[in-house]
1. Tell me, in nm to one decimal, what length is gained between Arg12 and Leu285 on full extension, where the rule is 0.36 nm per residue of separation less the Cα-Cα distance?
2. Calculate, for Arg175 and Glu77, the FRET efficiency according to 1/(1 + (r/R0)^6) with r their C-beta to C-beta distance and R0 41 Å; round to the nearest 0.05.
3. Subtract the Cα-Cα distance of Ala276 and Leu340 from 0.36 nm times their separation in residues, and report this length gain in nm to one decimal.
4. In segment 200-299, if the dipole is taken from +1 on Lys/Arg beta carbons and -1 on Asp/Glu beta carbons about the Cα centre, which of Ser259, His209, Gly249 is farthest to the positive end?
5. To two decimal places, what compactness ratio does the chain give when its Cα radius of gyration is scaled by 2.2 N^0.38 Å?
6. Once the principal axes of the Cα atoms of segment 274-334 are found, what is the range along each, listed largest first in whole angstroms?
7. Can you pull the three principal axis extents for the Cα set of segment 122-244, in Å, largest first?
8. Find the relative contact order for segment 149-285 and round it to a whole percent, using C-alpha pairs within less than 8 Å whose residues are 6+ positions apart.
Amino acid sequence: MLPVSDLLEVARGEASSEAVGARARQRFARPGAQAPVVIWNVCMHCNMGCPHCYAAAVSRPSPTDLTTAEGLRLLAELAACGVSVVIFSGGEPLLRPDLFELLARARDLGIAPQLSTNGVFIDDAVAERLACAGVAYVGVSIDGLRAFNDDYRRLEGGYEAALRGLRAAKAAGMRTGLRMTLTSRNADQLDALIDVAEDVAADRFYASHLVYAGRGLKIADEDLSRAQARAALHHLFERAEARLARGRGPRIVTGSNDSNGVLLLRWIEARYGPTAARPVEALLLARGGNSAGEKVLNIDHRGRVHPDQFWRRAVLGDVRTQSFESILAHPLRARLANRLDHLEGRCGACASRALCRGSHRERAIARYGELWAPDPSCVMEDAEIGLASAAAPLREARGA
């Protein structure tokens, strides 16, 4: 996740890099410096049918979901290994009957539980239960305005129900975020959704890029072109800038494409000058770019552990048969910690690779079938990252 608003505050001199680091220490800590954030898909079923769903969620409960006893034992293991944040996801996590018991157990173990949801089951009563169970942040996914969203996510009334959920969560005292996954089909609704996030007083607006995983693999051709992605990002940067000037509105963050940080740095340098860009670059270097398998791990509904929630082809272990501590010692984690030594093609030759660290291996594997191949969704032009036009074998086929 790239905290655009935070970094702009540093560039504009409205917050020191120390203050931003204190507010978001885990985001900017070097990979391996602390236990990972864990995203736990507590179930595989959902009441929606989103075409980009990385989990390829189904409509009926799976008999292979971790049981309540297994879930409680897992949380104890995570706490013992120093995990301090667990994001409860799905499927739709609120469809799991014992969710509130699991959330409360995480809270009691000193783990901060967060919720990633489609929001439609959150009313005032549910919001109060979530807050009482220790949830401090609720992220709700919406992919467009009413007509588009309900058709795209395949639930009539889903848009209004999601907004009701956001308002209820906010009223119950939780921080909230509105998240959209950008594709060529909904990029024209980006600006309107930021306005919606402001209208419901969301604390964060999260624009995520498409990752070619689950059902998302089938719509890879709907990913933004480089020109489309850059236009969307420049607009996000400008909206974040306007928000800082007005002193209100959601904080802007982006996700699932670490080359965004390089683009933001170049944008800041052009707009505010090299002196303003210098502390931002230092923070991006400290953040370390993509950290799948290092600062982030995923546990799927049946207990298998992956480098992140998208990268299901890589299995680091199984919490049903192995301790989480032993899974943390999987050799792929060490290889990922040293990924700058392995990146090939365009990513390996990139002069800014330390800021991004090759972004998402999942897209590289989906496009090229190779772990260390370049991420085909890089938003940077060759000349901006020190590459000659013919200098990179395995470079992505998708241009501007």
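The values are calculated or read from the model by the stated rules, or taken from the named source; none is laboratory data. No experiment lies behind these values; they were computed from the predicted model shown. When we count neighbours, we look across all protein chains shown, and the Cβ atoms used for this are built from the backbone with ideal geometry, even at glycine. Only protein heavy atoms, including side chains, enter the accessible area calculation; ligands, DNA and RNA are left aside. Shrake-Rupley method; radii C 1.70, N 1.55, O 1.52, S 1.80 Å.
1. Details: separation 273, 0.36 × 273 = 98.28 nm, distance 1.88 nm.
That pair, Arg12 and Leu285, stretches by 96.4 nm at full extension.
2. Details: r = 27 Å, r/R0 = 0.66.
For Arg175 and Glu77, the calculated efficiency is 0.90.
3. Working: separation 64, 0.36 × 64 = 23.04 nm, distance 2.67 nm.
Length gained, Ala276 through Leu340: 20.4 nm.
4. With unit charges placed on the Cβ atoms, the residue in question is Gly249.
5. Values: Rg = 20.0 Å, N = 400, 2.2 N^0.38 = 21.4 Å.
Cα-based Rg divided by the globular estimate yields 0.93.
6. Principal-axis extents of segment 274-334 (Cα, largest first): 52, 20, 14 Å.
7. 44, 35, 25
8. On the way: 136 pairs, mean separation 28.8, N = 137.
Computed over segment 149-285, the figure is 21 percent.
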